[in-house]
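Worksheet: one structure, shown below.
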Ligand SMILES: Nc1ncnc2c1ncn2[C@@H]1O[C@H](COP(=O)(O)OP(=O)(O)O)[C@@H](O)[C@H]1O
Ligand SMILES: [Mg+2]
């Protein structure tokens with residue numbers, strides 16, 4: 001089956017000389033939720049901007065549903081909805097006017113019923129005649145989402161959708177994302193939070209310094225990288241590992257006062273471990289858990305890739 | 001062609017005009033009245049007729065051009081500068097809209113507004129002085145041509161400017177002097193030969209001269225030359241605009 005988005009050797013070097021993207025190649029399947037994960041400055045926004053026509057690529061190509069983003073930009077762009085990272089809205093327009101404008105801009109015939117539906121889904125309906133400048137930050141972001149959805153895109157780009165967003169909007173947004181996916185819309189979101197990628201995505205692409213380091217099914221990635229550690233502070237020094245605990249992935253710290261248990265979220269086995277510890281008569285005064293951070297993941301990825 | 005996009009931009013821009021309509025109308029009406037009180041009544045009473053036309057009537061085409069030029073440039077430059085300034089330009093750049101369509105929407109709206117204001121200036125002038133319009137269709141044609149040309153010019157300024165000062169700079173430093181020195185208030189025949197020659201490199205001279213011809217059937221410069229120069233300036237602006245979009249100058253990184 002043809003991919004909804006197909007990126008091939010895409011590179012971008014800004015006029016300043018900054019290399020923002022290096023030879024990115026990526027295929028996105030229809031109606032999947034793809035999370036682009038990477039630290040600030042990794043090139044996430046640049047990649048989205050190139051695909052949407054806001055930034056000119058230095059080299060490489062990309063196709064949206066088989067349409068080249070430059071040669072056939074009209075068809076390509078008409079299939080894309082973009083909610084950018086920055087909160088930028090027209091202050092003096094009403095919500096209704098700005099969303100209607102977006103639909104017109106994308107060449108679609110007026111459809112008041114659809115816009116009403118979108119505004120209702122985003123809890124904007126009773127503010128439809130308000131000027132945008134009178135809305136709160138969260139409401140403005142809803143307006144930007146409504147604008148992006150107004151022309152019924154097949155791909156929706158959400159650039160850092162939850163940065164500075166309240167809990168309620170975050171929940172509404174995730175609900176919207178899954179309902180859109182059910183309607184066959186492909187969603188590509190960027191984030192620098194591992195938990196967020198984990199919560200939503202089917203697949204995760206990790207980008208760092210303009211390079212796509214890996215693309216993997218979320219479950220596999222979490223299994224491979226999303227390690228957790230349980231650290232037990234012992235009340236007596238432990239010099240060697242009792243045989244009864246050998247089956248657990250345990251290590252003893254150098255001073256013998258800590259037991260470190262490494263596990264992944266899918267198969268915790270903490271319960272069993274605690275039972276075995278009790279049976280072996282090992283008691284502890286305190287415990288803490290540590291989750292691998294994005295930094296840990298990058299370190300391990302960079303180590304893994306030659 | 002994405003006609004709906006042109007429509008959307010045009011309506012959006014006209015709505016913006018609508019919100020500031022009062023101040024847009026007040027300013028040309030007020031300044032036209034002031035010009036008439038000062039130049040028409042106070043000074044004009046001491047002036048002889050120019051080419052068989054009373055001084056009060058003589059300055060009417062110049063005043064309309066003054067309003068038209070200033071309004072076209074400020075409307076169009078602000079129209080495209082503002083989305084760049086606020087960041088909402090992302091939507092225009094990511095929409096399936098071609099550069100000519102984008103320009104048609106913005107320049108069309110800016111030109112419409114300045115033509116309306118030009119006609120309001122004309123109506124205001126009529127309250128002060130009696131004049132005839134020999135070639136009304138040509139008058140409208142010059143109005144349209146000038147409005148479009150200078151809206152395009154304003155569009156270029158709106159893309160070039162990266163702050164509000166620069167946005168005001170060109171209209172203030174270039175356009176106002178060129179208009180005042182372009183024969184709005186005098187016939188260039190009244191100038192000494194040297195200054196007359198200098199004046200002929202001022203494009204506004206041709207606009208005002210051609211426009212005045214449509215009123216009184218007489219002009220400083222041959223009407224064909226006026227028309228030719230206006231069209232030349234129009235093509236120059238079109239060339240710059242297409243270069244801007246081809247290179248993405250100040251629009252795309
Ligand atoms: N318009 C620009 N001109 C020059 N450099 C830029 C521009 N936009 C972004 N950059 C640089 O490109 C790199 C990638 O930025 P960006 O794509 O915004 O990263 P992310 O969205 O992952 O945080 C950064 O180093 C940033 O400073
Ligand atoms: Mg970003």
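The values are calculated or read from the model by the stated rules, or taken from the named source; none is laboratory data. Values in this document were obtained by computation on a predicted structure and should not be read as measured data. We place every Cβ from the backbone using ideal geometry, glycine too, and count neighbours over all the protein chains shown.
When segment A:1-34 is filtered for residues that are in contact with a helix residue (DSSP H, G or I) (Cβ under 6 Å, 6 or more places away or on another chain) and either away from ligand 1 (no atom under 12 Å from the Cβ) or not in a strand (DSSP E or B) (or both), the ones remaining, listed by number, are A:31, A:33.
Among residues belonging to segment A:35-82 that are within 16 Å of ligand 2 (Cβ to nearest atom) and in a strand (DSSP E or B), point out the one that is farthest from the other protein chains (Cβ to nearest Cβ). Before you say what the answer is, go through the steps one by one.
Within segment A:35-82, the first condition is being within 16 Å of ligand 2 (Cβ to nearest atom), and the residues that meet it are A:35-52, A:54-55, A:82.
Now restrict to residues that are in a strand (DSSP E or B): A:35-37, A:82.
Details: A:35: 21, A:36: 17, A:37: 23, A:82: 5 Å.
In this case the residue turns out to be A:37.
In segment B:228-245, of all residues being out of contact with any helix residue (DSSP H, G or I) (no Cβ under 6 Å at 6 or more places or on another chain) and without any contact (Cβ under 8 Å) to a residue 60 or more places away in the chain, the one that is surrounded by the most Cβ atoms within 10 Å (Cβ to Cβ) corresponds to B:236.
So which of A:245, A:238, A:233, A:189 ends up being buried (at least 17 other Cβ atoms within 10 Å of the Cβ) and out of contact with any helix residue (DSSP H, G or I) (no Cβ under 9 Å at 6 or more places or on another chain)? It would help to see each step written out before you state the result.
Working: A:245 fails: out of contact with any helix residue (DSSP H, G or I) (no Cβ under 9 Å at 6 or more places or on another chain); A:233 fails: buried (at least 17 other Cβ atoms within 10 Å of the Cβ); A:189 fails: out of contact with any helix residue (DSSP H, G or I) (no Cβ under 9 Å at 6 or more places or on another chain).
Criteria check complete, one pass: A:238.
Annotation: of all residues in segment A:123-144 being more than 16 Å from ligand 2 (Cβ to nearest atom) and crowded, with 23+ Cβ neighbours inside 10 Å, the one that is nearest to residue A:179 (Cα to Cα) is A:142. Per the conditions (1) surrounded by 15 or more Cβ atoms within 10 Å (Cβ to Cβ); (2) more than 10 Å from ligand 1 (Cβ to nearest atom), the sole criterion not satisfied by residue A:59 is (1).
Being under 22 Å from residue A:219 (Cβ atoms) and at pLDDT 85 or above narrows it down to one of A:273, A:277, A:230, so name that one.
Values: A:273 fails: under 22 Å from residue A:219 (Cβ atoms); A:277 fails: under 22 Å from residue A:219 (Cβ atoms).
On inspection, the qualifying residue turns out to be A:230.
Just a yes or no: is a residue in segment A:169-181 assigned to a helix (DSSP H, G or I), under 30 Å from residue A:198 (Cα atoms), within 11 Å of chain B (Cβ to nearest Cβ) and touching a helix residue (DSSP H, G or I) at 6+ places or on another chain (Cβ under 9 Å)?
First, the residues of segment A:169-181 that are assigned to a helix (DSSP H, G or I): A:169-181.
Filter once more, so that each one left must be under 30 Å from residue A:198 (Cα atoms): A:169-181.
After this cut, where a residue has to be within 11 Å of chain B (Cβ to nearest Cβ) as well, the list is none.
For segment A:169-181, residues assigned to a helix (DSSP H, G or I), under 30 Å from residue A:198 (Cα atoms), within 11 Å of chain B (Cβ to nearest Cβ) and touching a helix residue (DSSP H, G or I) at 6+ places or on another chain (Cβ under 9 Å): absent.
Please determine whether any residue of segment A:102-110 is loosely packed, with under 14 Cβ neighbours inside 10 Å, assigned by TED's automatic domain parsing to the domain that holds residue A:211, within 30 Å of residue A:135 (Cβ to Cβ) and within 16 Å of ligand 2 (Cβ to nearest atom). Even if it seems obvious, please write down each step before you answer.
Kept after step one, since they are loosely packed, with under 14 Cβ neighbours inside 10 Å, are these residues of segment A:102-110: A:109-110.
Keeping just the survivors that are assigned by TED's automatic domain parsing to the domain that holds residue A:211 gives A:109-110.
Subset that is within 30 Å of residue A:135 (Cβ to Cβ): A:109-110.
Now restrict to residues that are within 16 Å of ligand 2 (Cβ to nearest atom): none.
No, segment A:102-110 contains no residue that is loosely packed, with under 14 Cβ neighbours inside 10 Å, assigned by TED's automatic domain parsing to the domain that holds residue A:211, within 30 Å of residue A:135 (Cβ to Cβ) and within 16 Å of ligand 2 (Cβ to nearest atom).
The residue that is surrounded by the most Cβ atoms within 10 Å (Cβ to Cβ), among those in segment A:1-23 that are within 14 Å of chain B (Cβ to nearest Cβ) and within 16 Å of residue A:36 (Cα to Cα), is A:21. Of the listed requirements (1) over 11 Å from the mean Cα position of the chain (by Cα); (2) surrounded by fewer than 22 Cβ atoms within 10 Å (Cβ to Cβ), residue B:109 misses just one: (2).
A single entry from A:100, A:88 fulfils the requirement of being more than 23 Å from the chain's Cα centre (by Cα) and within 11 Å of chain B (Cβ to nearest Cβ): A:100. If you check residue A:170 against the conditions, is it assigned by TED's automatic domain parsing to the domain that holds residue A:215, more than 22 Å from residue A:38 (Cα to Cα) and either surrounded by fewer than 21 Cβ atoms within 10 Å (Cβ to Cβ) or at pLDDT 95 or above (or both)? Criteria not met by residue A:170.
Rundown of residues vs (1) outside the structural domain of residue A:42 (by TED's automatic domain parsing); (2) closer than 29 Å to residue A:278 by Cα; (3) touching a strand residue (DSSP E or B) at 6+ places or on another chain (Cβ under 7 Å); (4) not in a strand (DSSP E or B), yes/no style:
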residue: A:184; (1), (2), (3), (4): no, no, no, yes
residue: A:190; (1), (2), (3), (4): no, no, yes, no
residue: A:199; (1), (2), (3), (4): no, no, no, yes
residue: A:213; (1), (2), (3), (4): no, no, yes, no
residue: A:233; (1), (2), (3), (4): yes, yes, yes, no
residue: A:236; (1), (2), (3), (4): yes, yes, no, yes
residue: A:239; (1), (2), (3), (4): yes, yes, no, yes
residue: A:247; (1), (2), (3), (4): yes, yes, no, yes
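Scanning segment A:103-136 for residues that are outside any helix (DSSP H, G or I) and away from chain B (no Cβ under 14 Å), we see that the one that is nearest to the chain's Cα centre (by Cα) is A:122.
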